[in-house]
Protein chains: 6
Amino acid sequence: MKPTAKSSFESAPLLAFGAHPDDIEFGCGGIIARETLAGRLAHFVVCSRGESATHGTPAERTAEARESAALLGATVEFVELDGDAHLEVRAAHSLKLAAVIRRLRPGVVLAPSLVENQHPDHPRLGQLVRDAARLARYGGVAKLRAKPAHAIGPLFFYAVTPEAEPAGVLPVLIDISAPGVVAVWTAAMEAHVSQMRTRNYVELQLTRARAQGLRAGVEHAQPLYPHDPLIFDSLAPLTRAARRF
Amino acid sequence: MKPTAKSSFESAPLLAFGAHPDDIEFGCGGIIARETLAGRLAHFVVCSRGESATHGTPAERTAEARESAALLGATVEFVELDGDAHLEVRAAHSLKLAAVIRRLRPGVVLAPSLVENQHPDHPRLGQLVRDAARLARYGGVAKLRAKPAHAIGPLFFYAVTPEAEPAGVLPVLIDISAPGVVAVWTAAMEAHVSQMRTRNYVELQLTRARAQGLRAGVEHAQPLYPHDPLIFDSLAPLTRAARRF
Amino acid sequence: MKPTAKSSFESAPLLAFGAHPDDIEFGCGGIIARETLAGRLAHFVVCSRGESATHGTPAERTAEARESAALLGATVEFVELDGDAHLEVRAAHSLKLAAVIRRLRPGVVLAPSLVENQHPDHPRLGQLVRDAARLARYGGVAKLRAKPAHAIGPLFFYAVTPEAEPAGVLPVLIDISAPGVVAVWTAAMEAHVSQMRTRNYVELQLTRARAQGLRAGVEHAQPLYPHDPLIFDSLAPLTRAARRF
Amino acid sequence: MKPTAKSSFESAPLLAFGAHPDDIEFGCGGIIARETLAGRLAHFVVCSRGESATHGTPAERTAEARESAALLGATVEFVELDGDAHLEVRAAHSLKLAAVIRRLRPGVVLAPSLVENQHPDHPRLGQLVRDAARLARYGGVAKLRAKPAHAIGPLFFYAVTPEAEPAGVLPVLIDISAPGVVAVWTAAMEAHVSQMRTRNYVELQLTRARAQGLRAGVEHAQPLYPHDPLIFDSLAPLTRAARRF
Amino acid sequence: MKPTAKSSFESAPLLAFGAHPDDIEFGCGGIIARETLAGRLAHFVVCSRGESATHGTPAERTAEARESAALLGATVEFVELDGDAHLEVRAAHSLKLAAVIRRLRPGVVLAPSLVENQHPDHPRLGQLVRDAARLARYGGVAKLRAKPAHAIGPLFFYAVTPEAEPAGVLPVLIDISAPGVVAVWTAAMEAHVSQMRTRNYVELQLTRARAQGLRAGVEHAQPLYPHDPLIFDSLAPLTRAARRF
Amino acid sequence: MKPTAKSSFESAPLLAFGAHPDDIEFGCGGIIARETLAGRLAHFVVCSRGESATHGTPAERTAEARESAALLGATVEFVELDGDAHLEVRAAHSLKLAAVIRRLRPGVVLAPSLVENQHPDHPRLGQLVRDAARLARYGGVAKLRAKPAHAIGPLFFYAVTPEAEPAGVLPVLIDISAPGVVAVWTAAMEAHVSQMRTRNYVELQLTRARAQGLRAGVEHAQPLYPHDPLIFDSLAPLTRAARRF
């Protein structure tokens, strides 16, 4: 199986997975906005309705996720696994997500990081997506035969909160300072109205993005943690590094 | 101080530092060949004449380094520090290398990794270059006033042998499979005739590059270890990752 | 429970676990060949028929595994867990493998490393074997009462691909340069005919073993990663270390 | 340069370096006793007279070191570097120690670990010995030409206190439970009379060795931390691992 | 949800979880004794009857656990999960333990460390407790609605054996040298009569506590590994650190 | 030597070391303000005049440091080592700083972290202070005999920028939300007028402290990284942990 050719990759959608209706927005929403504003397709797979959270009914959370995705220019679907706060690492779940990958044939895939943090579902979904991206490539998996095998492009992890940032792992920083990006992202976070009874989540994310921006010498930036070594044809795309301070 | 603009960066030379006359070639020569074959300027700074090695006189080693650099399409200069096998981490050395950086105003800088390996000079030069890249930016350093301050582009480490690869650090892999690249690189390594009494060094490097290539799904690849998070304007350049096996 | 006495250990078989029919051969086949050529008993436990792979039917894979084990001078059995690409970390599996350990009473045990790599089954089997080796020692486990408790000798992990090598963990290197060892190993890998449509796997493993050999100053070597500190009666057996470069 | 042949290695002395007159005894004295009681030659190189310590004059410390080495069946010499509590990492020191290595032509070399601990001299001497072992191999070092190049056997680090144990590095454990070993070791530690005003050092070391022994299922054991992967001809010497609890 | 106020915290019980009837005593019993002798409430949750161990019937183990807890001044309850040596990481278990947390409303929570060690149940219970402490806070979890949400104070891990100590993680050391503490702790360990056929467990724990005490400059100390950064109002409580050697 | 008694510790000054005139303020100024507002003595030792920076003369920098320290309620002195951007790790420097420690007899000591970051002087000063705190304890150091030996209380590292935060090391968080603390700290940072041509430094630090505060559930917090395990008499002071998200 050859790596996906660049041309087909560029038309391939960006696929982001989230354990709860707001995880993608809080963890990497600025990057999503950056990409869709540049004309790229993005699709969200949300794996619960947030039904165990302190605030918001499943119906409200679902509506908020749809509204937020629309603001970000992304499509969204819900894939039920074990339910909010009940997620387990099971082969059946990886296969279910692998079937999604085969159906959508993404280039870049985004998933929550594997580092334990404020919600047990986050790293478990990270593991499931990592495994799903493997399984989607194997030609002989009986349960996946409805669709042809697919090798994704790079898999990146995002960190919903600072605790989820992998210690000692160098991220790539995506500059999200282009006009309009942070505004769209902020609106998308605030679309999760039920979670806004405390504004802290939005402030936390903007504070984090500003701190990364200060490192990078730009207004705002968000980190992604590559799962595998990135491959480049030459040094030409590698022109900037965070050496501001 | 703003990050170097992309246009000026692209015309800025690639600057590689080596502790001994053959370190750059053995550690990242394939990448150098890839870049110069694509038309980029490359310059080598070699910090000893290899005078403590088992084979080769300083004059032979110097001539070999010049021949090898020429084969790679690079220019080369020698900067004396403490001498082969005598290198220490001293501020005076960092300042000397910072003056070189100010004179050459490079984009990407390559240096030996900080990981202890078969020669004590390697990680020490890595430290000196890392510090020099800092010092070159500071406006008030008295000894550097002859030239204006300069902020380099990304600093990458290369690993002369596997022991020097930083454990647990994800490299970027540079695909060096383009026609002619490995042939030029091999010739450049073999130009170090005095070190060829054992062919193992060349075989080691080609074996390593092939193993990385197998991971990446290409013929040959060489790893570089970024010192700082890399910054990208979008996900567009991030289309390939080593997920072959 | 006393550590197994040296005399009984030496007659105890070497026991290797693999998640798929070719994992043992690709990950540590050179070491197996080294041991069996020296007269040691070796037994393989293979935990799927490779039925999810792109190439090869379960019947073909089973036949290839038998052929390959025979070439290596090892016996082989199949223990069904959840099936290829469906493996989960379950207590029932650990107990099943612990029963195998009690039946065979091995000295050294080899298992795939715990590091995530190209197949989710690999690290999971590593965890199951690690746990099974614990459970086999506990006197009161109801499901294991059919056989007396057994304390294994050292547990080592092998890495099917470079990604599975534990970062920052010092391996022991087993010199497999003795005459005939690599030839037997290569034949055993090639016996997995269905996986040979790409020769890359065999090349990858020989390339890795050569790179380790170059570090060690021998023709070929393979690494094993000890799970626990190794104990020696004196420094006498510790005469060689990889300091070639 | 071929690795030292096994036969010559076995007659090669064990060489241990210490920063202060009692470091070797406190850090790995049980292992020394184990080896000399088995007939192996051992030599100590002590790099200060302990003149900055709270207790003991240089003359007393020197006499104690001689007495202690004699009890352990080892010879001892003093090599002055910068003096107690003044040690720096300098190339001149590494060259001085490399000359010692060329003169003595040891197999196994023991040095204090590189991990910062209760005395800044400890990890610095570890670095100097590590570098000296490299330099002793290089054929062209002008200052070392009086003696032929020498490649040591394995380099191991010892930890004078628990803080100096490298985190996350698997040691090898040397069983020092053979009759008389701990008694000889204890006597050697107690020969440092000036340091006995508090008995805590001796108790600390015996407590540590007992804790390692309990892990290993023997009376007492001491850990060593290999600098490089150890190489074995087969699995035969690898029969025991610390899996007691 | 505000952090628990200091006054209410001080009256909140200390809650310790153990996988087997003696884990809490062996892993952190000295700390328990220290706290209860100072008048604090402590409660143990034991998650099996030790029915897979080599020695002791479930009835004996239960009686020993009750006797031991009484000696330590703690109350104890048994919560059945999968049974000794059968523990799995399941959402249902985390929810069961979260219900316990909501019922008891503890301040400090103690759990076995996440590091693999001599029993697979230990790190798994650590994961379950970590997750349970999260789930107890989420307002919408249907299965937990019988009791109001509760945010615990700090979560600390204890290490039943040295293997379970997280490498490279700085513990806090609790000084257990106050009169009577070690005596009570020793009696509590010895109350596990069925496990005393070998005295090694008790000796191992006292040896470990003495080694930590020697580091800390006190008679005995036990380490705890914080799960999250500890927060202090000022530097006033931070007056002592282990810098003895 | 007994650990400093609590009563004497509380009257002992807080001693902070900085490589440049503004490092202490930017790295841990909020904590200083918190302590001095509570009545504790604080003293700064600044080891250069910032003469290599892009902005500000040595005289300006010195005046700014005095003004800033006064705002923080701290005293300040300058100790010349090698000069700004020229710092080396030398025994003579450690001895000089050890003499300062003996003169001031501090409890808590604060130093820049050992992690390489935007200025090579920062981690080097961290090493020198760490060593100085050792040397200050040794009774026999000839150059220190003018003052009696002194054992400091805990040594903590601060991080001037995010790059200097030790990866994977759990900090303690000091809550600096008490009224007036952040205002005083901000004024102290702004007193470094020559460095204010870009406001980014102040914004970076406030952004960092807000992000830590969000983790901790308070307005602002600053992290410190303990060099050694902290010792507590009981669990009583350990009532809060950062578990907000």
For E:V100: the one exception among (1) without any contact (Cβ under 8 Å) to a residue 40 or more places away in the chain; (2) among the β-branched types (V, I, T); (3) in a helix (DSSP H, G or I): (1)
First in region A:21-38 and more than 10 Å from chain B (Cβ to nearest Cβ) and surrounded by fewer than 24 Cβ atoms within 10 Å (Cβ to Cβ), second anywhere and modelled with pLDDT of 95 or more and not in a helix (DSSP H, G or I), Cβ under 6 Å, 6 or more apart: A:T36/A:A42; A:T36/A:G73
Selection from region A:163-174 of residues that are under 16 Å from the mean Cα position of the chain (by Cα) and over 15 Å from B:P171 (Cα atoms): A:A164, A:E165, A:P166, A:L173, A:I174
Only one of D:L155, D:L128, D:L144 that is within 13 Å of the chain's Cα centre (by Cα) and closer than 25 Å to D:E88 by Cα: D:L155
Scan of region A:210-238 for residues that are within 7 Å of another protein chain (Cβ to nearest Cβ) and polar (S, T, N, Q), ordered by number: A:S234
Leading residue by the ranking (nearest to the other protein chains (Cβ to nearest Cβ)) among those in region C:127-178 that are of a type in the set (S, T, N, Q) and within 30 Å of C:G217 (Cα to Cα): C:T161
Failed criterion for F:G140 (all others in (1) under 25 Å from E:L170 (Cα atoms); (2) surrounded by fewer than 23 Cβ atoms within 10 Å (Cβ to Cβ) hold): (1)
Residue match in region E:232-245 (condition: of a type in the set (A, V, I, L, M, F, W, C), touching a residue at least 40 places away in the same chain (Cβ under 8 Å) and under 18 Å from E:S113 (Cα atoms)): no
Lone unmet requirement of (1) in contact with a Gly (Cβ under 8 Å, 6 or more places away or on another chain); (2) closer than 30 Å to B:A216 by Cβ; (3) crowded, with 24+ Cβ neighbours inside 10 Å; (4) not hydroxyl-bearing (S, T, Y) for C:L114: (3)
Cβ pairs under 6 Å, 6+ apart, first in region A:196-208 and more than 21 Å from A:I31 (Cα to Cα), second at pLDDT below 95: A:R197/A:H55
The one condition in (1) within 30 Å of A:R134 (Cα to Cα); (2) more than 14 Å from chain B (Cβ to nearest Cβ) that A:H192 fails to fulfil: (1)
Residue that is surrounded by the fewest Cβ atoms within 10 Å (Cβ to Cβ) [pool: residues in region A:63-76 that are touching a residue at least 12 places away in the same chain (Cβ under 8 Å) and within 25 Å of A:H93 (Cα to Cα)]: A:T75
Residue list for region C:152-164, filter: out of contact with any helix residue (DSSP H, G or I) (no Cβ under 7 Å at 6 or more places or on another chain) and modelled with pLDDT of 95 or more: C:P154, C:F156
Check on C:A167, modelled with pLDDT of 95 or more and touching a Gly at 6+ places or on another chain (Cβ under 7 Å): no
Tally, over region B:86-123, of residues that are in contact with a strand residue (DSSP E or B) (Cβ under 6 Å, 6 or more places away or on another chain) and on the phi > 0 side of the Ramachandran plot: 0
One residue from D:R215, D:R243 being of a type in the set (D, E, K, R), buried (at least 20 other Cβ atoms within 10 Å of the Cβ) and closer than 18 Å to D:G30 by Cα: D:R215
Residue check, D:E116 farther than 19 Å from C:L170 by Cα, away from chain B (no Cβ under 14 Å), at pLDDT below 95 and in a helix (DSSP H, G or I): no
Filtered residues of region E:17-54 (kept if in contact with a Phe, Trp or Tyr (Cβ under 9 Å, 6 or more places away or on another chain) and more than 16 Å from E:R66 (Cβ to Cβ)): E:F17, E:F26, E:G27, E:C28, E:G30, E:I31, E:A33, E:R34, E:S52, E:A53, E:T54
Some residue of region D:234-245 being over 26 Å from C:A241 (Cα atoms) and touching a Ser or Thr at 6+ places or on another chain (Cβ under 7 Å): yes
Residues within region C:178-212 that are under 17 Å from the mean Cα position of the chain (by Cα), surrounded by fewer than 23 Cβ atoms within 10 Å (Cβ to Cβ) and over 28 Å from B:V202 (Cα atoms), tallied: 0
Selection count, region D:176-235, where residues are part of a loop (DSSP other than H, G, I, E, B) and of a type in the set (K, R): 2
Residue check, D:Y138 among the hydroxyl-bearing types (S, T, Y) and within 19 Å of C:S234 (Cβ to Cβ): no
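Matching residues to (1) of a type in the set (F, W, Y); (2) more than 14 Å from every other protein chain (Cβ to nearest Cβ); (3) over 14 Å from E:D23 (Cα atoms); (4) crowded, with 20+ Cβ neighbours inside 10 Å:
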{"site": "E:F44", "(1), (2), (3), (4)": "yes, yes, no, yes"}
{"site": "E:C47", "(1), (2), (3), (4)": "no, no, no, yes"}
{"site": "E:T54", "(1), (2), (3), (4)": "no, no, yes, no"}
{"site": "E:R61", "(1), (2), (3), (4)": "no, no, no, yes"}
{"site": "E:F78", "(1), (2), (3), (4)": "yes, yes, no, no"}
{"site": "E:G83", "(1), (2), (3), (4)": "no, no, yes, no"}
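A quick yes/no check of all residues on (1) under 20 Å from F:I152 (Cβ atoms); (2) among the polar types (S, T, N, Q):
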| residue | (1), (2) |
| --- | --- |
| F:S11 | yes, yes |
| F:A19 | yes, no |
| F:G56 | no, no |
| F:S94 | yes, yes |
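The values are calculated or read from the model by the stated rules, or taken from the named source; none is laboratory data. The structure displayed is predicted, hence computed values, not measured ones. Cβ atoms come from the backbone with ideal geometry, glycine included; neighbour counts cover every protein chain shown.
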